[in-house]
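The values are calculated or read from the model by the stated rules, or taken from the named source; none is laboratory data. Small disclaimer: the values here were computed from a predicted structure and weren't measured. Every residue, glycine as well, gets a Cβ built from its backbone with ideal geometry; the counts of neighbours run over all protein chains shown. Surface areas here come from the heavy atoms of the whole protein model, side chains and all, with no ligands, DNA or RNA. Shrake-Rupley method; radii C 1.70, N 1.55, O 1.52, S 1.80 Å.
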Amino acid sequence: MKKTIVLLPGDGIGPEVTRAAATVLRECGQEFDHQFEFVEMPVGGAAIDAAGTPLPSETLEACRKSDAVFLGAVGGPKWDGFPVGKRPESGLLDLRKGMGLYVNVRPVKVLDPLRGISPLKSERLGDLDLEIVRELAGGMYFGERGNVRENGTERAWDTESYSAPEIERVTTFAFERAENRSRRLCSVDKANVLTSSQLWRRTVTAMNAGYPTVKLEHMYVDNAAMQLTLRPAQFDVMLSTNMFGDILSDAAAALVGSIGLIPSGSFGSTAPLFEPIHGSAPSLVGTDSANPVASILSATMMLRDAFGLSLEADWVEQSLLRVLGGGYRTPDIIEPGAHAVGGAAFMEILREEMQRTLEHAERYGWGV
Ligand code: IPM
Ligand code: MG
């Protein structure tokens, strides 16, 4: 298989976690004879520094033309004083929009070796395995906004707005995802207060007729946040707006112990984009303590969901589980008795384990 993959390292720990993803993809190409060509481009603060804009047009063009994109993280204190629209984060939002990516999937699944690091008791955590389907190209993050000074007082606003077709396309994706899982879909809104949420709820409800095997439920976002914390295993696929999905996915990540564990994939009209859901973590830069797991899992999502390479993705994921099972941990997921390692050492140990998996495929039950 021949694929062009654009790497967008971005800022903070972005470059180091991007290296982790590239390592996984490169190993996969070598072992399975795939030709993965990597093209690295600037985005975010790095692009502001290099080209004066967080999303240079060359970067967007390369991404649109590629087969898949991997992004590390954007943002950092250096650019915190910049206004909305000129910040590193705008580069990411414009990239998602410019690539026509309207849906973002964030799988949150408890990894067996890491049950002990969840803040929840094991009975509450259950077999947590859910997916947040977040609308990615509309809502508050792209609505009309402004900032005025009236009679000596400053006022600023952002608006939440959704059209029915915008809701329909992300809902179609969520229903299909639910059909292929446990056939339960929970749509999260704030329809007791927001008009846009009322349209959201009506649209999602009407579409259920096309997916009769899926059990649809609606939940207000405040209740959903509580239910996530109390009984997260009740959820299968959760569908929500751009903003609520952003918030709920960080909350869900905390349940499995670290935001450094959660990958994501975004889909739409051009190439798909894969990125860990964590940020650029400026305080970790230079400490080699960033957790590469979210990146590794974003790379396996790319293999599986963009290229259809499930065997390869299973190879990496099974190896990863054994490394975690062996107690190797970055600081964010350390527990008593585990071996603390840096991100670079973790990747070395993973590479060795991936080789072992190939050598003992049968014993490990991989690919059989
Ligand atoms: C995320 C991040 C981004 C978002 C930021 C960095 C713009 O929080 O991917 O969840 O809000 O989408
Ligand atoms: Mg976020």
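Given the conditions (1) in the same structural domain as Leu128 (by TED's automatic domain parsing); (2) buried (at least 24 other Cβ atoms within 10 Å of the Cβ), which single one is not true for Asn291?
All conditions are met except number (1).
Please go through the range 1-26 and pick out each residue that is part of a loop (DSSP other than H, G, I, E, B) and surrounded by fewer than 20 Cβ atoms within 10 Å (Cβ to Cβ).
Hit for the range 1-26 is Met1, nothing else.
Can you find even one residue in the range 104-125 that is assigned to a helix (DSSP H, G or I), of a type in the set (Gly, Ala, Ser) and farther than 28 Å from Glu317 by Cα?
Scanning the range 104-125, I find no residue that is assigned to a helix (DSSP H, G or I), of a type in the set (Gly, Ala, Ser) and farther than 28 Å from Glu317 by Cα, so the answer is no.
Output the residue which, of all residues in the range 196-224 that are touching a strand residue (DSSP E or B) at 6+ places or on another chain (Cβ under 9 Å) and of a type in the set (A, V, I, L, M, F, W, C), is surrounded by the most Cβ atoms within 10 Å (Cβ to Cβ).
Top of the filtered list is Trp200.
Search the range 28-54 for residues that are under 27 Å from Glu353 (Cα atoms) and pair each with any residue that is in a loop (DSSP other than H, G, I, E, B) and open to solvent by 40 Å² or more (accessible area, probe 1.4 Å) when their beta-carbon atoms are under 8 Å apart and the residues are at least 6 apart or on different chains.
His34/Met1; Gln35/Met1
Return yes when Ala313 is under 22 Å from Arg19 (Cα atoms) and part of a loop (DSSP other than H, G, I, E, B) and no when it is not.
It is false that Ala313 is under 22 Å from Arg19 (Cα atoms) and part of a loop (DSSP other than H, G, I, E, B).
Being surrounded by fewer than 23 Cβ atoms within 10 Å (Cβ to Cβ), in the same structural domain as Asp94 (by TED's automatic domain parsing), of a type outside the set (Val, Ile, Thr) and at pLDDT 95 or above: is that true of Gly279 here?
So Gly279 passes the test.
Among the residues of the range 317-343, write down those that are assigned to a helix (DSSP H, G or I) and surrounded by fewer than 14 Cβ atoms within 10 Å (Cβ to Cβ).
Gly325, the sole residue that qualifies.
Which numbered condition trips up Asp67, out of (1) within 16 Å of ligand 2 (Cβ to nearest atom); (2) charged (D, E, K, R); (3) in the same structural domain as Leu297 (by TED's automatic domain parsing)?
In the conditions (1) within 16 Å of ligand 2 (Cβ to nearest atom); (2) charged (D, E, K, R); (3) in the same structural domain as Leu297 (by TED's automatic domain parsing), Asp67 misses (1) alone.
Of all residues in the range 92-103 being in a helix (DSSP H, G or I) and in contact with a strand residue (DSSP E or B) (Cβ under 8 Å, 6 or more places away or on another chain), which is farthest from ligand 2 (Cβ to nearest atom)?
Among residues in the range 92-103 that are in a helix (DSSP H, G or I) and in contact with a strand residue (DSSP E or B) (Cβ under 8 Å, 6 or more places away or on another chain), the one farthest from ligand 2 (Cβ to nearest atom) is Leu95.
Out of everything in the range 62-85 that is under 13 Å from Phe274 (Cα atoms) and outside any helix (DSSP H, G or I), what residue ends up being nearest to ligand 1 (Cβ to nearest atom)?
Going through the qualifying residues, I end up with Ala73.
Taking interchain pairs and intrachain pairs at least six residues apart, which have beta carbon atoms under 9 angstrom, with the first residue in the range 279-293 and free of Cβ contacts under 8 Å to residues at least 40 places away in the same chain and the second open to solvent by 20 Å² or more (accessible area, probe 1.4 Å) and within 16 Å of ligand 2 (Cβ to nearest atom)?
Ser283/Gly12
Out of (1) within 13 Å of ligand 2 (Cβ to nearest atom); (2) assigned to a helix (DSSP H, G or I); (3) farther than 27 Å from Glu168 by Cβ; (4) open to solvent by 20 Å² or more (accessible area, probe 1.4 Å), what's the single condition that is false for Ala253?
Of (1) within 13 Å of ligand 2 (Cβ to nearest atom); (2) assigned to a helix (DSSP H, G or I); (3) farther than 27 Å from Glu168 by Cβ; (4) open to solvent by 20 Å² or more (accessible area, probe 1.4 Å), only one is false for Ala253: (4).
Just one of Val188, Val193 is open to solvent by less than 10 Å² (accessible area, probe 1.4 Å) and either within 21 Å of the chain's Cα centre (by Cα) or over 19 Å from Gly268 (Cα atoms) (or both); which is it?
After applying the criteria, what remains is Val188.
Considering only residues of the range 127-146 that are part of a loop (DSSP other than H, G, I, E, B) and open to solvent by 20 Å² or more (accessible area, probe 1.4 Å), which is nearest to Ala254 (Cα to Cα)?
Asp127
Taking the options Ile277, Ile262, name whichever one is β-branched (Val, Ile, Thr), within 14 Å of ligand 1 (Cβ to nearest atom), under 22 Å from Glu176 (Cα atoms) and touching a Ser or Thr at 6+ places or on another chain (Cβ under 8 Å).
Ile262
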